[in-house]
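None of the figures in this text is laboratory data; all of them are computed from the coordinates on show. All values reported here derive from a predicted model rather than from experimental measurement. A quick note on method: Cβ atoms are made from the backbone with ideal geometry, for glycine too, and the neighbour counts reach across all protein chains shown.
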Amino acid sequence: MKMHLNLATRDLDASVAFYSTLLGSAPAKKLGDYALFITEQPGLELALDLDQGALAAPGQHFGIVVETTDDVDAQISRLEGAGYATDVERDETCCYANQTKVWASDPEGRRWETYVVHADTEARDDEDTSCCRTSAAVESGSTCCG
């Protein structure tokens, strides 16, 4: 089973570059106005459509759950190596779980987190957690937890 997402973008080449980095995979299909990624990890078909009126909805985000902190670290290396701004949270309690994660935004401003859950918690957030209050989230007007 795979999830299918279709996202509109004003800059197909920039979006293909971002998602190639985020997913660690080249698109299976790329045309002048369309690109399709098909990945097994995560199980995803991601279609990108060129649309000059594309706008990311405020307040939403997307995520990729990974198995280990090493997987998050590999994502950090890929994203930062490609020049993308990241927000990194290590062992923070956010949304009723202790997690390590990295955030990055696509060219339209959609926030993506790659994270591993270390343990469920009774508390929603730690007092000092940066979850939902990262500088990029504040600038984009979005939040990670809703």
Inset, instruction - Over segment 1-76, calculate the relative contact order: mean separation of alpha carbon pairs under 8 Å at least 6 apart, over the residue count, as a percent. - result: 34
Inset, instruction - Using only C-alpha positions, report the orientation-averaged shadow area of the convex hull of segment 21-128, nm², one decimal. - result: 7.8
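Can you give the calculated 222 nm mean residue ellipticity of the chain, where each DSSP H run of n ≥ 4 adds -39,500 (n - 2.57) and the sum is split over every residue, rounded to the nearest 500 deg cm²/dmol?
Helix-only estimate at 222 nm: -6500 deg cm²/dmol.
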Legend entry - Cut-off under 5 Å, modelled amide H: who pairs with TYR34 long-range: LEU50
Legend entry - Computed E for THR39/ASP70 - FRET, C-beta separation, R0 22 angstrom, nearest 0.05: 0.70
Inset, instruction - Grab the beta carbon distance between GLN52 and HIS118, set R0 = 41 Å, and tell me the FRET efficiency rounded to 0.05. - result: 0.45
Inset, instruction - Kindly provide the GluC sites (Glu not before Pro) of segment 14-71 that DSSP labels as loop, not H, G, I, E or B, and whose Cβ sees at most 16 other Cβ atoms within 10 Å. - result: GLU40, GLU67
Legend entry - Separation between Cα centres of segment 1-54 and segment 64-124, rounded to whole Å: 20
Inset, instruction - Enumerate the calculated ³J(HN,Hα) couplings along segment 115-120 in order (Karplus 6.51 cos²θ - 1.76 cosθ + 1.60, θ = phi - 60°), each rounded to whole Hz, writing x wherever the residue is Gly or Pro. - result: 8, 10, 8, 7, 6, 6
Inset, instruction - Express in nm, to one decimal, how much length is gained between HIS4 and TYR96 on full extension, taking 0.36 nm for each residue of separation and deducting their alpha carbon distance. - result: 30.4 nm
Inset, instruction - Pick out, in residue order, every one of the trypsin sites (Lys or Arg not before Pro) in segment 1-49 that is DSSP loop and has at most 16 other C-beta atoms within 10 Å; say none if there are none. - result: LYS2, ARG10
